[in-house]
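Before any comments, here is the structure.
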Amino acid sequence: MLFDSHTHINDEQFSQDLDQVMARAKDMGVSRMSVVGFDYPSIEKALALSQEYPQVYPTIGWHPTEAGSYNEEVEGYLQQIYESGQAVAVGETGLDYHWMDDPKEVQFHAFRRQIQLAKDYDLPVTVHNRESTKDVYRILEEEGLPPAGLIMHSFNVSTRWLKRFVKLGAMISISGVVTFKNAPEVREIAQATPLDRLMVETDAPYLSPEPNRGKRNEPGYVRFVAEEIAKVKGLSVQELAQVTYDNTNRIFKLNE
């Protein structure tokens with residue numbers, strides 16, 4: 001059993017063949033996945049998919065590249081979803097200094113507000129961090145983690161920062177980057193992550209792992225992520241799959 005903790009099958013790239021994608025995921029041992037909605041269209045699609053496919057669980061929030069449009073109306077919309085119990089996590093939120101679509105201060109505000117929402121609704125928060133590690137860590141430290149937990153999505157910074165986030169209380173979700181030949185630091189991160197803090201994800205349709213790098217990613221390919229991490233940690237794929245499945249169910253509060 002595998003749980004893809006972070007995927008975007010609500011993306012337009014899956015509009016023509018989603019049933020086949022879901023069937024392939026099942027064939028590759030993926031029994032659950034969390035689909036991330038991060039703006040109005042992707043949130044509505046994520047919620048609709050969770051009604052259509054029982055193995056889909058929505059993570060709902062406002063992406064840092066959308067921070068400029070975060071306002072009271074957006075927050076009210078998110079609150080309605082959290083109150084309905086449809087979301088398993090808040091996110092993905094965080095900071096993105098690669099695109100810098102909005103100034104840092106604007107991103108800080110949206111990030112801090114969503115951490116507070118996670119506290120208010122007893123949900124974990126899923127954090128996007130791109131070229132912004134120091135500020136992400138600072139804000140999490142200042143705001144305090146939601147009691148329900150923190151997931152560092154597609155973590156790929158360094159083992160030094162890994163130790164700091166683990167000490168803070170974070171779960172560490174690793175993507176297909178771990179399979180890239182030019183990413184030894186992510187394999188070091190996988191090796192160093194405590195088993196009880198480890199999760200796996202695809203971030204599909206992005207970050208497709210070997211042997212499909214450069215092609216559209218999909219949830220079934222989380223198996224390749226699990227295989228690489230199992231190799232690095234000296235475990236069987238079955239052991240690694242079970243541990244990460246249990247970890248993900250635990251933080252999302254999903255009963256077996």
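Residue count for the range 242-256 satisfying the condition of being among the aliphatic types (A, V, I, L, M) and either free of Cβ contacts under 8 Å to residues at least 12 places away in the same chain or more than 12 Å from LEU195 (Cβ to Cβ) (or both): 2. Contact annotation: no residue pair with Cβ atoms under 8 Å, 6 or more positions apart or on different chains, pairs a residue in the range 147-164 that is under 18 Å from LEU95 (Cβ atoms) with a partner that is open to solvent by 30 Å² or more (accessible area, probe 1.4 Å) and aromatic (Phe, Trp, Tyr). Just one of the listed residues (THR65, THR93) is touching a helix residue (DSSP H, G or I) at 6+ places or on another chain (Cβ under 8 Å) and closer than 20 Å to GLU105 by Cβ, namely THR93. Tell me which residues, restricted to the range 135-162, are farther than 14 Å from PHE111 by Cα and in a helix (DSSP H, G or I). Hits for the range 135-162 are THR159, ARG160, TRP161, LEU162.
Got at least one residue in the range 21-40 being of a type outside the set (A, V, I, L, M) and out of contact with any helix residue (DSSP H, G or I) (no Cβ under 9 Å at 6 or more places or on another chain)? Scanning the range 21-40, I find no residue that is of a type outside the set (A, V, I, L, M) and out of contact with any helix residue (DSSP H, G or I) (no Cβ under 9 Å at 6 or more places or on another chain), so the answer is no. If you go through the range 126-157 and pick out every residue that is on the phi < 0 side of the Ramachandran plot, open to solvent by less than 40 Å² (accessible area, probe 1.4 Å) and not aromatic (Phe, Trp, Tyr), you end up with 16. In the set (1) farther than 22 Å from PHE252 by Cα; (2) within 19 Å of the chain's Cα centre (by Cα); (3) open to solvent by less than 40 Å² (accessible area, probe 1.4 Å), the condition left unmet by VAL74 is number (2). Among the residues of this structure, SER42 counts as one that is closer than 23 Å to ASP122 by Cα and in contact (Cβ under 8 Å) with a residue 12 or more places away in the chain. Against the definition (buried (at least 22 other Cβ atoms within 10 Å of the Cβ) and out of contact with any Phe, Trp or Tyr (no Cβ under 9 Å at 6 or more places or on another chain)), how does PRO219 come out, yes or no? Yes.
Here ARG216 qualifies as of a type outside the set (Asp, Glu), in contact with a Pro (Cβ under 8 Å, 6 or more places away or on another chain), more than 15 Å from HIS153 (Cα to Cα) and in contact (Cβ under 8 Å) with a residue 24 or more places away in the chain. What are the residue pairs meeting all of these: first residue in the range 16-29, first residue on the phi > 0 side of the Ramachandran plot and modelled with pLDDT of 95 or more, second residue open to solvent by 20 Å² or more (accessible area, probe 1.4 Å) and in a loop (DSSP other than H, G, I, E, B), Cβ atoms under 9 Å, and 6 or more apart or on different chains? Listed by first residue and then by second, the contacts come to GLY29/MET1. Being open to solvent by less than 20 Å² (accessible area, probe 1.4 Å), of a type in the set (Gly, Ala, Ser) and either touching a His at 6+ places or on another chain (Cβ under 7 Å) or touching a residue at least 40 places away in the same chain (Cβ under 8 Å) (or both) is a property that ALA67 has.
The values are calculated or read from the model by the stated rules, or taken from the named source; none is laboratory data. Bear in mind the structure is a predicted one, so any value in this text is a computation, not a measurement. Note that we place each Cβ from the backbone using ideal geometry, even for glycine, and neighbour counts take in every protein chain shown. Surface accessibility is based on the protein's heavy atoms, side chains included, excluding ligands, DNA and RNA. Shrake-Rupley method; radii C 1.70, N 1.55, O 1.52, S 1.80 Å.
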